Amino acid sequence: MKTENLERYLNSFAKQVVKESKDILRTKKGSTSLASSIRAVVGDDPNGFSVKFYMSDYGTFVDKGVSGNKNPISYSDGTKTKSSPYKYTTKGPPIDILSKWIKKKGLKPKGLGRGRSKKTGQFISGLAYVISKKIKRDGIKSISFFSRPLGINYENLQENLLKQYSKDIQTYLTTFTKQK
């Protein structure tokens, strides 16, 4: 039996979640490589269809946040608020990654000339250390850019799946009757 209506609906569901996720992320973070990495694939599964979502690995931390060792973080799935499953305990974010971020953003100390901070790197590594400690303590705020659209659209999905499958059954029965 062909399930064209069901497959079309699942593709529409997946596209809607991806679009809303990208929109939220771009609104809150600007144009990002994370937004560009979000995609969905609807495929055949031994039990029917599957909808799989993909994004860069760090996306889940941006989506659900990371609790600090002094400050719990929560995220929303569109229906309820949940605690982040991620938490800093003994280590904070790596200083080398924060140093690259500081350089990329062009952050500079006010009292120092350009050459000094670039040559020695002391300002950048010191600032990265301070930022790392603050993130470890306070955490990373959740954006819920993926969890919220998925949760809200999932409620509609549950309601509409049966309708779409019913249309496919009616089409199949009509086609089967005509063939006899």
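The values are calculated or read from the model by the stated rules, or taken from the named source; none is laboratory data. None of these values were measured; they are calculated from a predicted model. Glycine gets a Cβ as well: all are built from the backbone with ideal geometry, and neighbour counts include every protein chain shown.
Select from the stretch 132-151 the residues that are assigned to a helix (DSSP H, G or I) and in contact (Cβ under 8 Å) with a residue 24 or more places away in the chain and list them in ascending order.
Of everything in the stretch 132-151, those that are assigned to a helix (DSSP H, G or I) and in contact (Cβ under 8 Å) with a residue 24 or more places away in the chain turn out to be S132, K133, I135, K136, R137, D138, S147, R148, P149, L150, G151.
For the stretch 25-38, state whether one or more residues are free of Cβ contacts under 8 Å to residues at least 12 places away in the same chain, of a type in the set (G, A, S) and not in a helix (DSSP H, G or I).
Yes, the stretch 25-38 contains a residue that is free of Cβ contacts under 8 Å to residues at least 12 places away in the same chain, of a type in the set (G, A, S) and not in a helix (DSSP H, G or I).
Working carefully through the options L127, L157, find the one that is buried (at least 17 other Cβ atoms within 10 Å of the Cβ) and either at pLDDT 85 or above or in a strand (DSSP E or B) (or both).
Step by step, each of L127, L157 is checked, and only L127 is buried (at least 17 other Cβ atoms within 10 Å of the Cβ) and either at pLDDT 85 or above or in a strand (DSSP E or B) (or both).
Considering only the stretch 89-100, state which residues are farther than 17 Å from D57 by Cβ and surrounded by 14 or more Cβ atoms within 10 Å (Cβ to Cβ).
G92, I95, L98, S99, listed by residue number.
Among the listed residues T81, T3, T32, identify the single one that is β-branched (V, I, T) and surrounded by fewer than 13 Cβ atoms within 10 Å (Cβ to Cβ).
T81
Suppose we keep only residues that are part of a strand (DSSP E or B) and of a type in the set (G, A, S) within the stretch 39-65. Which one would you say is nearest to the chain's Cα centre (by Cα)?
Among those that are part of a strand (DSSP E or B) and of a type in the set (G, A, S), it is A40.
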